[in-house]
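Structure first, then comments.
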């Protein structure tokens, strides 16, 4: 299977073509079959390829497979090539297996929706593009996947196209992502211009051989701009909360577990460039830590169950960027993996809650669901403990490693290290707080919905609970298993090219005390949530709104960032566009039209000679002959 | 012998009458006859010079001109018949469909 690497993205793509072309006609059973076979097939093929790779390359060398030459122009050369290396394999396992689980879940969740075939066609296409992104052997193939997942994200956010908000949210995601893609593209152009290649291996090699610092910093910052768009970091995070307009499994797969982590993957993939550009790393770390805290504060005061999780995702992505920003690339990827487990579990759990509540997403109308939907409750609780960072659950190990690395990073000045650690720790406190608030408000207390909703409450079917149980299990043991004896760190070691003085691994000072501090922080957050929401329920939110109305209103309205962007970017842009349309365009149009008017006027003049009267023509002929004679004589 | 320039003057007079006829008359047949007049004025010139220089070229040319005039008459009359079918008149001022 190793020699047929291209088969992995191709399988879901075939699923997309079959479902897209014939799904509507051949019915639900066919669509379900195609979707599940193609995704589980990709997962199985990917796993087999990974085992074969490990058998053939135990040292973790890069295995590159060129499918065909894409284009050659002068010295610029690009292949459509796929590669396997330890990092690709980590991503491959996460994407294919979680993707397959979520496909399975979707079968139950989407069973009663219109456009069942359309949904699975898009979801298969997404998986295919995501696999192109992580298996691509150079930045150009990666960019193809990068754009492909963006397209699928757009299509799936706007899946409920008959509503007002869903297509608008899709458009917003697409436009905001364009800004990031612009940065990515410029970075690739810079690579071609100054390094002569976009191949991952060659770029790292040539960068390490010695290039101007400004060039590396520019490339890294532009790549980070791309990552900001895709992975929802300040200032481009605004699309992700709106993206919750899509179906819930989509939020779990695309907007939590896989696509939004593409930016983290890309930076880990470019680790050689970043290690050579510490300035860019500092930017990444600071942006990551500010995003982590900023999004967490908004998450504290949202009432839509999916919005809370969306801001949580933005915040956790911030943690990943802290990881890769301080030079602990392994920790960043580690958090990416554990986050994929527990956040997918949380989103699927929220989907199960929404399913049980007949479509209700407002936690103010929930409450007391613990006994009604026990499997969902237990899996949700486990994932919450994991994200809050209690040992020995998954999130504890990765988050602790990130924050520990932030303090010990050799790449950042001391002040920045403490700042990043501090912001990250406060964000971790908020994480525990808002997640347990969500749990207490949703699953504890009295039921606050309508009588009809209460009557309809039911546990979800097996296709939905099985993925929940699998993911909850992974959230429990996944972190411990990967951290045990530094399994993941050893596995990923080969992806860091040796660069003198720019080590990829560094010892974390005071690891045990920091672990205890992290646990205490999580415990404080949980305790606060317990005191406020377990005991008082919604009343706690109201008293907060009364005691500090300004902060409460700010959090509720997402700190007015959307309004700010509206005022400083969208409106002026509209004004400028209007100006160009009404004035500049009118002038240019006028010039073009004037040419036409000149010709028309001349024609008007000339047509007086076309009288249609034969004798006039004869007279002209006669006069012409006279003039002719006069001239030649 | 009659001097050649007599013929030329007669020819010029005939030609001018023909031109005036073409430019002033409305009736298609009359215009047609005027054209014949112009053609024959030219023929007269040819013949006058042929006689003066004792050469056959002019005579042969006249035959050609007469043949072409006959062909022209055939086509022209056919056009006028067709015009008459459509308009019930052969007044050329009525045939002004191509005007602006």
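None of the figures in this text is laboratory data; all of them are computed from the coordinates on show. This one's a predicted model, so the numbers in the text were calculated from it and none came from an experiment. Cβ atoms come from the backbone with ideal geometry, glycine included; neighbour counts cover every protein chain shown.
Highest mean packing comes first when the peptides A:240-247, B:69-76, A:376-383 are listed by Cβ atoms within 10 Å, giving A:240-247, A:376-383, B:69-76. Quick check: the distance between the Cα centres of segment A:462-484 and segment A:3-35, to the nearest angstrom? Comparing the Cα centres of segment A:462-484 and segment A:3-35, I get a distance of 27 Å. Extension gain, residue A:161 to residue A:93, is 21.3 nm, computed as 0.36 nm per intervening residue step minus the present C-alpha separation. Between residue B:99 and residue B:64, the FRET efficiency estimated from the beta carbon spacing at R0 = 35 angstrom works out to 0.50.
In chain B, the calculated helix contribution to ellipticity at 222 nm averages -28000 deg cm²/dmol per residue, counting -39,500 (n - 2.57) for every DSSP H run with n ≥ 4. If the segment from residue A:551 to residue A:632 were pulled out straight at 0.36 nm per residue, it would be longer than the present Cα-Cα gap by 19.3 nm. Averaging the sequence gap over all C-alpha pairs within less than 8 Å and six or more residues apart, then dividing by the number of residues, gives chain A a relative contact order of 12 percent.
From most to least packed by mean Cβ count within 10 Å, the peptides A:184-197, A:562-575 give A:184-197, A:562-575.
Taking label positions 7 Å along the Cα-Cβ direction at both residue B:24 and residue A:579, the computed distance is 7.3 nm, reported to one decimal.
When each of B:1, A:266, A:620 is scored by the number of other beta-carbon atoms lying within 10 Å, the sequence from fewest to most is B:1, A:620, A:266. Using a cutoff of 8 angstrom between alpha carbon atoms and counting only pairs six or more residues apart, the relative contact order for segment A:25-152 works out to 28 percent. Put simply, when B:18-31, A:300-313, A:33-46 are sorted by average Cβ atoms within 10 angstrom per residue, most first, you get A:300-313, A:33-46, B:18-31. Quickly estimate the mean residue ellipticity at 222 nm for chain A, helices only: each DSSP H run with n ≥ 4 gives -39500 (n - 2.57), and the total goes over all residues, rounded to 500. Counting only the DSSP helices, I get -23500 deg cm²/dmol. Counting, for every residue in A:607-613, the Cβ atoms of other protein chains within 10 Å of its Cβ and taking the mean gives 4.
Run the numbers on chain B and let me know its relative contact order in percent, using alpha-carbon pairs under 8 Å that are six or more apart. Relative CO of chain B lands at 27 percent. Residue exposure proxy: A:393, B:53, ordered by other Cβ atoms within 10 angstrom of their Cβ from fewest to most, comes out as B:53, A:393. For residue A:486 and residue A:418, a Förster radius of 35 Å and the Cβ-Cβ distance give a FRET efficiency of 0.85, rounded to the nearest 0.05.
Counting only the backbone N, which residues of segment B:48-68 are under 20 Å from the spot 7 Å out from the Cα of residue B:6 toward its beta-carbon? It comes to B:48-55, nothing else.
Rounding to the nearest 10 and keeping the result within 0 to 90°, find how far the Cα-based axis of helix A:585-606 lies from the longest principal axis of chain A. Tilt of helix A:585-606: around 20 degrees.
The GNM of chain B, with springs linking C-alpha atoms under 10 angstrom apart, assigns the highest mean-square fluctuation among B:46, B:63, B:15 to B:63. As a proxy for reagent exposure, A:508, B:2 were ordered by neighbouring Cβ count within 10 angstrom, fewest first; the result is B:2, A:508. Axis of helix A:614-632 versus longest Cα principal axis of chain A: the two differ by about 70°, to the nearest ten degrees. For chain A, take the longest principal axis of its alpha carbons; what is the angle in degrees between that and the long axis of helix A:213-230, to the nearest 10 within 0 to 90? The angle comes out at about 80 degrees.
Please label the shape of segment A:48-204 as rounded, prolate or oblate, based on the square roots a ≥ b ≥ c of the eigenvalues of the alpha-carbon gyration tensor (a/c under 1.5 means rounded; beyond that, a/b larger than b/c means prolate, else oblate). Oblate, because a/c is 1.5 or more while a/b does not exceed b/c. Using a simple spin-label model with pseudo-atoms 7 Å out from Cα toward Cβ, residue A:507 and residue A:455 lie 6.8 nm apart. In terms of Cα atoms, the Rg and Dmax of chain A work out to 29.6, 119 Å.
Partner shielding of B:93-99 amounts to 4, given as the average count of beta-carbon atoms from other chains within 10 Å of each residue beta-carbon.
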